[in-house]
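Worksheet: the structure to be examined is printed underneath.
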Amino acid sequence: MLEQFYVPVTFFQSFKPVHLEVRCREIEATTVSSRPTIYLSLCLETKEVGFLDSVCTLIVNWADFDPMPYESRYCNFVVSTGDSRPEYQVVDLKDEQSVARAFQKTNLAENSCYIGSRVKIPPDQQTKFNMPLVSYFKVPRR
């Protein structure tokens, strides 16, 4: 095991994704030293979002790749609210308050970016919600 850290559930807001760039402590091998970086996207999905809000499901039915990429065989779908892109918050495991600062900055942001799970190119359709789909997102309806 290289590293471990924990994130208290109280840091999360319902359906507010947080994207973390976790910088591990330096590992010294015999000849080369390295500092691994891990990219995580986390989102707490709860049944109750709020009094006026409800949860809806966004479905991607199909994605056409023409021409097919030569090197990439996987992709992710991204859904954003407003005009936003995924912004990874840097978490340096040398700094104890780094995780708290990353969540604070994300929770104060007005817009959110949802990153779906990895999808094969060309996509394999699965059946969920009684319909064919490639990917889906559960997001609050506001």
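Please treat every number below as a calculation from the coordinates, not as lab data. Source: prediction; values computed, not measured. Virtual Cβ from ideal backbone geometry, glycine too; neighbours counted across all protein chains shown.
Of note:
- Pairs of Cα atoms nearer than 8 Å and 6+ residues apart set the relative contact order; for the chain it is 33 percent.
- Here the chain is assigned +1 on the Cβ of each Lys and Arg and -1 on the Cβ of each Asp and Glu. Its dipole about the Cα centre then comes out at about 300 debye.
- Over the chain: helical MRE at 222 nm, DSSP H runs n ≥ 4 each giving -39500 (n - 2.57), nearest 500: -2500 deg cm²/dmol
- Built amide H within the under 5 Å cut-off of Asp92, gap 5+: Arg23
- Averaging 1/r over each pair of different alpha-carbon atoms in the chain and inverting the result gives 17.6 Å, the Kirkwood hydrodynamic radius.
- Coil-residue chymotrypsin sites (Phe, Trp or Tyr not before Pro) of the range 64-123, DSSP, other Cβ within 10 Å capped at 10: Tyr70
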